[in-house]
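Values quoted throughout were computed directly from the atomic coordinates according to the rules given, and no laboratory measurement underlies them. Everything numeric in this text was worked out from a predicted model, so none of it was measured. In this analysis, Cβ positions are derived from the backbone assuming ideal geometry, glycine residues included, and neighbour counts consider all displayed protein chains.
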Amino acid sequence: MKIDGIPYRTLWEVAGGVEIIDQTVLPHEFKTATLQTMEDAAHAIKAMLVRGAPLIGVTAAYGMVLQMRTNAGDAALLNAYETLLATRPTAVNLRWALDRMKAVLLPLQPAERAAAAQKAAAAMADEDVALNESIGDHGLAIFQELQRRKGGVLNILTHCNAGWLACVDWGTALAPIYKAHNAGIPVHVWVDETRPRNQGASLTAWELGRHGVPHTVIVDNAGGHLMQHGFVDVCIVGTDRTTACGDVCNKIGTYLKALAAHDNGIPFYVALPSPTIDWTIRDGLKEIPIEQRGAEEVSHITGIGASGEKGTLSILPKGSPVSNYGFDVTPARYVTGLITERGVCPASEEGLRQLFPVETFQALYKIKPFNTETPS
Ligand code: MRU
């Protein structure tokens, strides 16, 4: 996507490392940072300079590249794998990317590993762009049809940031929105602010604004009210992990939007590239690890003052305890459809298997990273 007319990806190779857009300072500042070591990559993921399931995976893959450039021995490789895997627990793309890198690198001699790692990570980044663009095309057909039936502006609600900043390019949930806007379909996006880290207010609003997509930022609790009054035509969100049965785990608060959409008969779509599917699990509520983050994300708010100075303010009484769950699970029964790079399917094991039969999935990725057996 473009920023002020200049095409960008969220990460790219530079001499001596990998350049990323530092998402902790958006929307008030546009700054890039250079990752020079595997530890830099791990820090960037953990501290959320980069975030979003697909981008976390590709950044981890480049973390392996950086490790291979300094020490490509078996012990260093396995340590890098474990260090990067431990950065964030919920998005399965992280494990997917690291498994894929390990499968490529371990059979090679150490001297061959740096070049092979770079090739594999670059392929993964390009593949992410292609998968998301394809999601955009499939989602576009849905939006086209909804807008044709309704006439006028199509009002779309989204939660968190599942845009190009969360991926290498295009985004997952936002890809169909960009495609629709580019095709001249009148769209307007309700952007949930997404407390506590405000990925909607600071990242989605910024992205959409830069691309000229009409949008309005709302507090997280406004969605239900807007749906009851006919101001929302469709919801679309991303996911950090989708089970083999179609349960989806996304940023905390997604479940409540799905419930409100269900109560109001509003379609609720989830957009995902196949690396976000965890074929090893079926029950999202029982089996997906939910990240818990620091109390300061809830107890404080960071922003910019009237004279442009950055500041962080406490908003809690001293001593009040805080809990901070990062994600929740939306059961498959509340999902109208999963929009993948291979098309749209029901949120169910049968639906997913129609698009991703076991054999073609294995052939696609040349390895067998997941337990792909059908349950007895
Ligand atoms: O905690 P974050 O900002 O990494 O959470 C990101 C999300 O929840 C996105 O919706 C998800 O990764 C899907 S992204 C394309």
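Okay, here's what the table says:
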{"read-out": "Placed amide H near V329: partners under 5 Å, 5+ positions off or other chain", "value": "none"}
{"read-out": "Dimensions (Å) - the range 1-40, Cα atoms, principal axes, largest first", "value": "30, 19, 11"}
{"read-out": "Pairs beyond 20 Å (Cα-Cα), from K46/K251; K31/K179; K150/K179; K150/K251", "value": "K31/K179; K150/K251"}
{"read-out": "Protection proxy ranking of 246-253, 172-179, 330-337 - average other beta-carbon atoms within 10 Å, highest first", "value": "172-179, 246-253, 330-337"}
{"read-out": "Euclidean distance of C-alpha centroids, the range 162-217 and the range 285-332, integer Å", "value": "21 Å"}
{"read-out": "Ellipsoid semi-axes in whole angstrom, largest first, where each is sqrt(5λ) of the Cα gyration tensor of the range 257-346", "value": "35, 18, 15"}
{"read-out": "Normalised per residue, the volume of the convex hull around the Cα set of the range 62-111 (Å³)", "value": "61 Å³"}
{"read-out": "Hydrodynamic radius (Kirkwood) for the range 179-256, which is based on Cα pairs only, to one decimal in Å", "value": "13.8 Å"}
{"read-out": "Hydrodynamic radius (Kirkwood) for the range 207-294, which is based on Cα pairs only, to one decimal in Å", "value": "14.7 Å"}
{"read-out": "Cα-Cα separations in the chain greater than 41 Å, expressed as whole percent", "value": "9 percent"}
{"read-out": "Förster-model FRET efficiency, 22 Å R0, A76 and A123, C-beta, rounded to 0.05", "value": "0.50"}
{"read-out": "Test item: Cα-centred dipole of the chain, Lys/Arg +1 and Asp/Glu -1 on Cβ, debye", "value": "180 debye"}
{"read-out": "Interchain or long-range residues, amide H under 5 Å from G337's placed H", "value": "F268, V270"}
{"read-out": "Mean separation of Cα contacts under 8 Å (6+ apart) over length of the chain, as relative contact order %", "value": "15 percent"}
{"read-out": "Cα gyration tensor category, rounded, prolate or oblate, for the range 124-242 with a/c compared to 1.5", "value": "oblate"}
{"read-out": "Sites E287 and I6 - FRET efficiency at Förster radius 35 Å, r taken between beta-carbons, to 0.05", "value": "0.25"}
{"read-out": "Residues with amide H under 5 Å from that of I218, placed H, sequence gap 5 or more", "value": "V191, D192, E193"}
{"read-out": "Anchor K257: aspartates and glutamates whose Cα lies under 15 Å away (excluding residues fewer than 8 positions away in-chain)", "value": "D192, E193, D220, D233, D247, D328"}
{"read-out": "Axial C-alpha extent at least 15 Å, average Kyte-Doolittle at least 0.0 - helices from the chain (DSSP)", "value": "53-70, 74-85, 93-105"}
{"read-out": "The range 1-68 - convex hull of alpha carbons, volume per residue in Å³", "value": "81 Å³"}
{"read-out": "Global form of the range 161-201, assessed from the alpha-carbon gyration tensor, a/c cut-off 1.5", "value": "oblate"}
{"read-out": "Spatially proximal lysines relative to K119 (Cα-Cα < 23 Å; intrachain offsets below 8 disregarded)", "value": "K102, K366, K368"}
